[in-house]
Structure formats: structure tokens, C-alpha cells
1. Under a GNM of the chain (C-alpha, springs under 10 Å), which listed residue has the highest mean-square fluctuation: 95, 208, 39?
2. Can you sort 120, 104 so the residue with the fewest Cβ neighbours within 10 Å comes first?
3. Any idea what log10 I(q)/I(0) is at q = 0.17 Å⁻¹ for segment 118-252, Debye with uniform C-alpha scatterers and no solvent?
4. Based on the inverse mean of 1/r over its pairs of different Cα atoms, what is the Kirkwood hydrodynamic radius of segment 1-124, in Å?
5. Order the peptides 226-235, 211-220, 185-194 from the highest to the lowest mean number of other Cβ atoms within 10 Å of their residues.
6. Looking only at 163, 18, 123, which one moves most when the chain is put into a Gaussian network model with springs between Cα atoms under 10 Å?
7. What list do you get for 62, 209, 223, 77 if you sort them by fewest beta carbons within 10 Å?
8. Would you mind giving the three semi-axes, in whole Å and largest first, of the ellipsoid equivalent to the chain according to its Cα gyration tensor?
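Since every read-out is calculated from the coordinates, none of them should be taken as a lab result. Just so it is clear, the structure is predicted and the values come from calculations on it, not from any experiment. Virtual Cβ from ideal backbone geometry, glycine too; neighbours counted across all protein chains shown.
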Ligand code: FPP
């Protein structure tokens with residue numbers, strides 16, 4: 001562990017040995033934040049993106065291995081076209097603008113979701129960012145775009161059924177691990193901590209399979225007001241949780 005990490009952990013009053021390995025975030029409240037400020041909704045998303053960068057950097061600095069962010073759901077296509085177009089353009093612009101810095105900082109970017117209906121130019125930036133950063137060893141940054149957990153599970157079932165019908169997979173070898181391996185998130189362990197901002201108490205079709213034993217932290221803070229200090233509070237709460245994974249702890 002680096003001296004910097006040790007000093008940071010001390011400063012934060014967090015146990016550096018008990019940090020989550022994988023944090024997932026539902027970045028909710030951008031629209032409400034913008035409304036409160038008398039700004040158009042898109043300004044909430046713009047500000048939300050800069051907060052995400054701050055949290056990603058904190059994960060990298062503090063040794064949190066994976067951050068998964070819910071950027072656009074399969075249901076978000078139902079938003080006004082101007083907002084959808086703005087978000088697509090924002091993702092593309094951010095990738096162009098931030099890729100070099102993220103690459104220098106060792107970030108490894110992956111996208112999860114059905115990327116096929118995204119604009120061609122965005123798909124090219126996505127492919128470029130993934131190849132550029134594929135050998136990096138810093139934080140794994142998973143961005144969920146056009147992601148829906150139920151659709152992800154349906155696609156996994158279809159792929160597994162295909163393998164069974166072609167004889168490549170036998171029915172009785174299918175177990176929980178098989179399902180996990182057919183999800184977009186096959187490369188990552190399940191999240192340890194889910195943070196949802198803006199006080200909503202729901203999962204909104206995000207990582208339904210993967211969140212089975214994840215600790216959930218919900219804050220009333222709107223995503224554009226979230227920051228490193230709030231992130232530290234979430235981590236401090238996480239460290240107080242007794243994770244039993246459905247089991248009972250035997251007395252030592
Ligand atoms: C939810 O708030 C937010 C989104 C649907 C978009 C999140 C996207 C970003 C923060 C940009 C991230 C950029 C990259 C490159 C990953 P909302 O609009 O539902 O807010 P509301 O509930 O207050 O209306």
C-alpha cells in the first residue's frame with residue numbers, strides 16, 4: 001500500500017482494509033437539482049458528470065477496485081428527445097475530452113448494456129476508450145448505458161439456451177456462476193456497496209442479479225451535490241455493516 005493511501009485513509013478515519021472492492025452508483029436527482037437552481041435539466045447532467053469524475057478519482061486514489069455507474073437505462077429512451085440527444089452527445093464529448101487523462105491515471109473503462117442502438121459516433125468513442133485502456137491496472141470504471149437488468153438476464157438466458165441446444169453446454173452444469181458469466185458484468189465481482197442519491201428507495205432495473213448481497217446506502221443528497229465527503233460517509237456506513245451473506249456468525 002502506498003504512503004499516500006495510508007495517510008489518506010487515516011485522514012478519512014476509514015479502515016483501509018475494509019473498503020468495498022466494488023461500488024455501484026445510481027446517480028439520481030440531476031433534473032431536480034437543475035430545477036432547484038433555475039437551470040435546464042441538462043445542466044444537472046453536465047454537473048453530474050463532473051461529480052462522477054471526482055468519485056472515480058477518489059476510488060482510484062483510495063484503492064477501490066471497481067466503480068459501476070448507471071448513466072442511461074433502457075427506460076431512459078422515453079425522456080424528451082432533446083434530453084436523450086443531449087445525454088448521448090455528453091457521453092461522446094466526455095469520452096473525447098477525458099480519455100487521455102483517465103488513461104494516464106490508469107483507469108480501465110468498460111461499457112455495459114446493449115450498445116447496438118447508440119449513435120455510431122458514440123459507439124466508435126466507446127470502442128476506442130475500451131481498447132485504449134484495456135491493459136490499465138487502476139480502477140475499473142464500468143459505465144452502464146442502455147442498460148436494463150431484466151433485459152441483461154433475458155439475453156443471458158437466450159445465450160445459455162443456445163449453447164445447450166447446440167450441445168456445447170449441458171443442462172445439469174448450469175449453476176449461479178454460469179448465469180453470472182453470461183451477464184455484461186462477467187468481468188467484475190458483485191458490488192459490495194450500492195449508493196443511490198436523491199432519496200429514492202428502489203433499484204430501477206439496475207444489477208438485479210448482482211446486487212443480491214450488496215449493502216445499500218441511500219442519501220437524500222441529489223447527485224450533483226454529492227462529493228468526496230459524502231462518499232466517505234457512505235464508506236463509513238458500509239464499514240459498520242455486518243455482512244453475513246445469509247449466514248450466522250459463530251462466536252469465536
Ligand atoms: C438521473 O437523474 C441521471 C441520469 C439519467 C443521467 C446520468 C448521467 C450522468 C451523470 C453523466 C455521466 C457521464 C458519463 C460519461 C458516464 P434524473 O435525470 O433522473 O434526475 P431527476 O430524477 O431529478 O429528474
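1. Between 95, 208, 39, it is 39 that shows the largest mean-square fluctuation.
2. 120, 104
3. Those come out to -1.21, one per q.
4. Here the Kirkwood hydrodynamic radius works out to 16.4 Å.
5. Top of the packing list down: 185-194, 226-235, 211-220.
6. Fluctuation is largest for 163.
7. Result, fewest neighbours first: 77, 209, 62, 223.
8. Calculated on Cα positions only, the semi-axes equal 27, 26, 19 Å.
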